[in-house]
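Here the structure is laid out as structure tokens; the discussion comes afterwards.
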Amino acid sequence: MTKNEFLSKLADELKKKNIADADDIISEYEQHFAFKMADGYSEEEIAVKLGNPALIASQFESSDVDKKSSGKKITTVIGLCFIDFFAGIFFILLIAWEAIMASFSVCSAAIAVCLFSGTSPLSLIPSMPYWPRIVFGVSFASLFVLSAEGCIYFAAFIRQLMRSYCRFHHNTLAAASGSALLPSIAINPQFQAKFNRRIRSVALISLALFAASFVLGMAISVILSGALEFWHAWGWFGYNAVK
Amino acid sequence: MNTQYKKGVLELCVLSLLKKHDCYGYEISEYLSKHIDIADGTVYPILRKLKSEGLLTTYMQEESGGPPRKYYSITRLGRETYEKERAEYLDFAKRVEILLEVDDNDKE
């Protein structure tokens, strides 16, 4: 690229980006060429060392950001309102799911307590011999641990997602009005590695315990009742007990 | 190297040079590219930004046998900003160095 090519390309780019005092900037680069040529460099060499005109023009752009942002801001605000609306619905769904998980967890705990203590409020817990009761109790207790942990993790996830979204909201507005951006926040909860390992092992153990004790409870029940469909034999779910 | 991040440091270097004496644009560009690997063209946007922030002023001066040169001169605000940011940068660089050296020790 020759001197004239470089300067006219730069002038085009500056004009395209609406940068004020383009003539002033051009004359600065013209002087740069003059000095360098006096030092014995060729026009091509100087142009290469200066860099890409489009890139240079965009560097001038960042120094007067606030000039052209006013028109953009209204569009950004309207767009954000829409996004907020849908994000709001999404967050309500997530919170509803959290509530479902929490009630599931509480129910598991209640069933486990009933099974261990042998009580049956409102006759909701069907009657069964001692051992199946205890083994099913263990299985529901581990289900409680598993779902409670799920609840805690999911709550942390929702919280982090909301924080991350708020930061996105803030930064989008800040970018539109040309003020400083804050660093964005990760979507997934940032636990320490140790805590992550711990919840993972608790989840695995409780899942394994749940599966094992559930199968074991079924097996014991089948053996004790002498029937594969032991719930018929013990008269659960409205069947008449087979004596 | 990340250019955005380099730009902030370059601003500091420009201020440190201008604190000693007034310079014209080409002089600053030569000074910086002698020490730091940058495209020559990036210096002028920095000068303009510093001027728009009020840290620098410019004046034209006739030279014997040539067109008038545009000189850059640091303002009082520029001096104050330089002192503040210089201290901040040196402190920051020291902390980063400590962190990176810790990282080095972990590998061994």
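With respect to residue B:82, is the statement that it is in contact with a strand residue (DSSP E or B) (Cβ under 9 Å, 6 or more places away or on another chain), away from every other protein chain (no Cβ under 14 Å) and not hydrophobic (A, V, I, L, M, F, W, C) true?
yes
If only one of A:112, A:96 is on the phi < 0 side of the Ramachandran plot, at pLDDT 90 or above and touching a Gly at 6+ places or on another chain (Cβ under 8 Å), which one is it?
A:112
Condition check: under 27 Å from the mean Cα position of the chain (by Cα) and of a type outside the set (Lys, Arg). Does residue A:90 satisfy that?
Yes; evaluated as a whole, the condition is true for this residue.
Give A:220, A:205 a once-over and let me know the one that is surrounded by fewer than 17 Cβ atoms within 10 Å (Cβ to Cβ) and in the same structural domain as residue A:86 (by TED's automatic domain parsing).
Of the residues listed, the single one that is surrounded by fewer than 17 Cβ atoms within 10 Å (Cβ to Cβ) and in the same structural domain as residue A:86 (by TED's automatic domain parsing) is A:205.
Mind listing whichever residues of region A:35-46 are under 13 Å from residue A:6 (Cβ atoms) and within 9 Å of another protein chain (Cβ to nearest Cβ)?
A:36, A:46
Name the single residue that is nearest to residue A:47 (Cα to Cα) among those in region B:66-79 being more than 11 Å from chain A (Cβ to nearest Cβ) and not charged (D, E, K, R).
Top of the filtered list is B:71.
Looking at region A:1-34 only, could you name the residues that are facing chain B (nearest Cβ under 9 Å), modelled with pLDDT under 85 and over 18 Å from residue B:60 (Cβ atoms)?
none
Being more than 7 Å from chain A (Cβ to nearest Cβ) and among the hydrophobic types (A, V, I, L, M, F, W, C) is the filter here, so list the residues in region B:26-53 that pass it.
Across region B:26-53, the qualifying residues are B:28, B:32, B:36, B:38, B:43, B:46, B:47, B:50.
From A:164, A:213, which residue is surrounded by 16 or more Cβ atoms within 10 Å (Cβ to Cβ), assigned to a helix (DSSP H, G or I), small (Gly, Ala, Ser) and assigned by TED's automatic domain parsing to the domain that holds residue A:87?
Answer to the selection: A:213.
Select, from A:163, A:133, the only residue that is closer than 30 Å to residue A:78 by Cα and among the basic types (Lys, Arg).
Checking each option against the conditions leaves just A:163.
The values are calculated or read from the model by the stated rules, or taken from the named source; none is laboratory data. This structure is a prediction, so every number in the text was calculated from the model and none was measured. Quick reminder, even Gly has a Cβ in these numbers, built from the backbone with ideal geometry, and neighbours come from all protein chains shown.
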